[in-house]
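The values are calculated or read from the model by the stated rules, or taken from the named source; none is laboratory data. From a predicted model like this one, the values you see are computed outputs, not experimental measurements. Quick reminder, even Gly has a Cβ in these numbers, built from the backbone with ideal geometry, and neighbours come from all protein chains shown.
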Amino acid sequence: MKNYVIEESTREEYNLVDKGIVEYNLSKVPFTQEPSFIPINKVIKGANGEVLAGINSILYCWNCLYIDVLWVKKEFREEGYGTALLNEVEKIAKERGCKLIHLDTFDFQAKDFYLTQGYVVFGVLDDCPLEHKRYYMKKNI
């Protein structure tokens, strides 16, 4: 490799890289869903419209659901909001043909919660962050 520079990418370049890997993946394994990426994002609001909890997830390419974020406002934790959101996106994903859900969580977040919801740990990353663990979890539906 000669005569190159490494620069911060622009939004357009980010999209070009993203599109490149999607096209490569498609050349190796056909996608089984249309559209290829379906966001499934939900919130729970209180009577005054305040967001109390939310989940951001995406059903991608092969009918797999990736849960990116599940958050419940501190004073509403352990009241069933997380379970309700998880059940809602799982139901939607299943209706769309999903068979596999995956996510990651830290030891100071919600590993035990996900275990009660039928998820299993399939990988652990130690010292991420330092002196903590990051758990990779999945659930077959």
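Data table
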| read-out | value |
| --- | --- |
| Single residue of Thr116, Thr105 found to be at pLDDT 95 or above and touching a helix residue (DSSP H, G or I) at 6+ places or on another chain (Cβ under 8 Å) | Thr105 |
| Residue ID - surrounded by the most Cβ atoms within 10 Å (Cβ to Cβ), chosen from residues in segment 109-141 that are among the aromatic types (Phe, Trp, Tyr) and part of a helix (DSSP H, G or I) | Tyr114 |
| Selection count where residues are among the hydrophobic types (A, V, I, L, M, F, W, C), farther than 17 Å from Val120 by Cα and surrounded by 17 or more Cβ atoms within 10 Å (Cβ to Cβ), scope segment 71-97 | 5 |
| Some residue of segment 79-100 being of a type outside the set (Phe, Trp, Tyr), in contact (Cβ under 8 Å) with a residue 12 or more places away in the chain and in contact with a His (Cβ under 9 Å, 6 or more places away or on another chain) | no |
| Residue match in segment 32-39 (condition: without any contact (Cβ under 8 Å) to a residue 60 or more places away in the chain and closer than 30 Å to Glu78 by Cα) | yes |
| Criterion violated by Pro30 - all others in (1) over 12 Å from the mean Cα position of the chain (by Cα); (2) under 29 Å from Lys133 (Cα atoms) satisfied | (2) |
